[in-house]
Amino acid sequence: ANYFKKNGWRSGQPVAIPATVRGTAYPAMISRQINPPQSSVARLRSQGIFPQAPVSDAQAAMLVELQGRDGSEYWLGFDNFYVITRYNRSLLYAMAVHQLSQAIHDRYAQSAAGTISSERLTRIAYLE
C-alpha cells in the first residue's frame with residue numbers, strides 16, 4: 001500500500017471498469033504500451049468506447065484489451081490502474097491485482113453484513 005501511495009495512488013478514485021466497444025475507431029485507442037492515461041472518457045466515447053459503470057467524462061482513462069474466457073475483454077484503466085503497473089509492468093498483473101482486491105473487498109463486506117460466516121471467509125481467503 002505504501003508503494004502505491006508513493007507512486008501516485010489516489011484514494012477513493014477508480015482503478016478500472018469494464019467497457020464495451022463499437023465501430024471501427026476503437027482499435028487505434030487500445031493501449032499497447034504502459035503509459036499514464038491520456039484520453040478523456042469523453043474522447044473515448046467519441047471513438048466507440050463506452051464505460052459500463054458511471055464515470056466522469058473528464059476522467060483520464062486508457063483502453064485495455066485483455067483475453068478472457070470468451071475472447072477479448074475491454075476495460076478502461078484509470079490513474080490508479082497505471083500506479084499498479086508501476087510495480088509490475090504487466091497489464092494482466094494489474095488487472096489481477098484489481099480483481100483480487102475487489103473479490104476480497106466484496107467478501108469482507110458480506111462477512112461484515114453477516115451474510116457469510118467467518119469460517120467460510122477464511123476458507124475463501126485460502127482459495128478453499
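Modelled with pLDDT of 95 or more, among the aromatic types (Phe, Trp, Tyr) and part of a helix (DSSP H, G or I): is that true of Tyr74 in this structure?
Criteria not met by Tyr74.
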- [ ] Could you check how many residues of the range 76-88 are under 15 Å from Pro37 (Cα atoms) and either open to solvent by 30 Å² or more (accessible area, probe 1.4 Å) or touching a Lys or Arg at 6+ places or on another chain (Cβ under 9 Å) (or both)?
- [x] 6
Task: Breaking point among (1) open to solvent by 60 Å² or more (accessible area, probe 1.4 Å); (2) at pLDDT 95 or above; (3) under 22 Å from Ala96 (Cα atoms), for Arg32 - done: (2)
Open item on the list: Residues to consider are Gln52, Gln67; find the one that is open to solvent by 60 Å² or more (accessible area, probe 1.4 Å), of a type outside the set (Gly, Ala, Ser), over 16 Å from Phe4 (Cα atoms) and touching a Pro at 6+ places or on another chain (Cβ under 8 Å).
Closed with: Gln52
TODO: Please work out which one of (1) within 20 Å of Gly8 (Cα to Cα); (2) open to solvent by 60 Å² or more (accessible area, probe 1.4 Å); (3) touching a strand residue (DSSP E or B) at 6+ places or on another chain (Cβ under 7 Å) is the condition Asp57 fails and give its number.
DONE: (1)
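The values are calculated or read from the model by the stated rules, or taken from the named source; none is laboratory data. Quick caveat, the model's predicted, so the values are computed rather than measured. Cβ coordinates were reconstructed from backbone atoms using ideal geometry, including for glycine residues, and neighbour counts include every protein chain displayed. The protein model used for the area step is the full one, side chains on, heavy atoms only, and it has no ligands, DNA or RNA in it. Shrake-Rupley method; radii C 1.70, N 1.55, O 1.52, S 1.80 Å.
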